[in-house]
1. May I ask you to compute the full-extension gain from Leu163 to Arg326, defined as 0.36 nm times their residue separation minus their alpha-carbon distance, rounded to one decimal in nm?
2. Where the eigenvalues come from the Cα gyration tensor of the stretch 59-122, what are the semi-axes √(5λ) of the equivalent ellipsoid, largest first, in whole Å?
3. Find the centroid of the Cα atoms in the stretch 163-237 and in the stretch 262-310, then give the distance between the two in whole Å.
4. Given labels modelled 7 Å from the Cα in the Cβ direction, how far is it in nm from Thr71 to Gln281?
5. Lys115: which aspartates and glutamates have alpha carbons under 20 Å from its alpha carbon, excluding same-chain residues fewer than 8 sequence positions away?
6. Within 10 Å of each residue's Cβ, count the other Cβ atoms and sort Thr233, Thr295 from fewest upward.
7. Sort 242-255, 203-216 for me by packing, meaning the mean count of neighbouring Cβ atoms within 10 Å per residue, highest on top.
8. Short version: what are the Cα gyration tensor semi-axes of the stretch 210-295, square root of 5 times each eigenvalue, largest first, in whole Å?
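Each reported figure results from applying straightforward, stated rules to the coordinates on display, with no laboratory input. Computed from a predicted model, the values in this text were never measured in an experiment. Positions of Cβ are generated from backbone atoms using ideal geometry, with glycine treated the same way; all protein chains shown enter the neighbour counts.
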Amino acid sequence: MQKPEIFLTCASIFRRCLNFCRVNLQKALKRIVPDPVRMRWGRLLQPVCLLLVVFFCGQIAWIYYGLKPSTVSGQTIRLDVPRGSSVKEVGRLLEKEGLIRNSNSFVWYVYLTGKVKAIKAGRYHLTAGMPFTRIFRELQQGRPIYHRVTIPEGLTQKEITELLAKRGLIDKERFEALLSDRDFLHIYLEEFKPRSGEGFLFPDTYDFADQASEEEILGVFFRRFLQVWNEITPTHTGGNLSPLQVVTLASIIEREAKKEEERPIIAAVFLNRLRLGYPLQSCATVMYALGERKTRLLYEDLRIESPYNTYLYRGLPPGPIANPGRASLAAALRPADTDYLYFVARPDGTHSFSRTYREHLRAQYELRTQR
């Protein structure tokens, strides 16, 4: 602690307290004690004030000692002050981290200086051993707390909801309600007219402010999606697909593709099948209909009754099945120039592409014999 500053502060506190005691003692004596007696008692006022001086000096010394750091290393300490924290709770945090010796000294200091409301919630990066005056100045700045979250590509909105709920960032029911609230969604996504938020929770790394509402968090997702969408659409064309259908196709590509360079080829396969009226027959859409990820689908799985089952229903499903990244969106907007109609996955994550069903059957046979 810088001594000139703390001494000036302590002197100010002392003067206020001493003046308070002197004035109130005189008023009390004047009200309840007769003049002759008060004159005799007046002689005792000086030693009483002297005792008060000694007492307050002792209190100031105690506060001064308690506000000194208990550690002297130069280590950086992250201090999170939650919203609504009391002065006592903040003092305990400081004492726990070794930034001060006694939390009660902090409480006394804050109340005597009249700065109870000056302390603000936030995340502070302080240095062990730094003077208390600097710590207190920092605590009055209000540094926002952010929670960093990485959303991988290809997660469904249900999986993203679970991820955020586990981090304590959202109320799950409220978040899910907003994801199906078309009026809310159309504030941001009017061009797409989505049924839900599926497909528009753009995968990226985000810093969400502490205590951010569900509306604010979804707004961050949607604005990031629109930013990427506007960056890639000027140089790409989606053909005859609507904006929602482009995102739907991109979500299927995201779940099917494992290699970056294959995304435009897989996009071309699906677009070729759509053009010829073939069912897409995407296993990823069946898994979405099932509501679970499976390493291998059974024939009975392919018979599930759902508009998302592209083995039973031709055309694109009614909406996205996951949340695609930039590469998959770009692939859906600008597919490769190829006439492939089939692909089968290899063990290493790549695919074998075929133009005819006979070639496709041969590719499947070759892969089975290699295992």
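1. 56.6 nm
2. Three semi-axes, in Å: 18, 17, 8.
3. So the separation of the two Cα centres works out to 25 Å.
4. 6.4 nm
5. Excluding near neighbours in sequence, the set is Glu5, Asp80, Glu89, Glu95, Glu138.
6. Arranged by neighbour count, lowest to highest, Thr233, Thr295 become Thr295, Thr233.
7. Numbers: 242-255: 24.1, 203-216: 15.3.
Ranking the peptides 242-255, 203-216 by packing returns 242-255, 203-216.
8. On the way: eigenvalues 142, 75, 29 Å².
Taking √(5λ) for each Cα gyration eigenvalue gives 27, 19, 12 Å.
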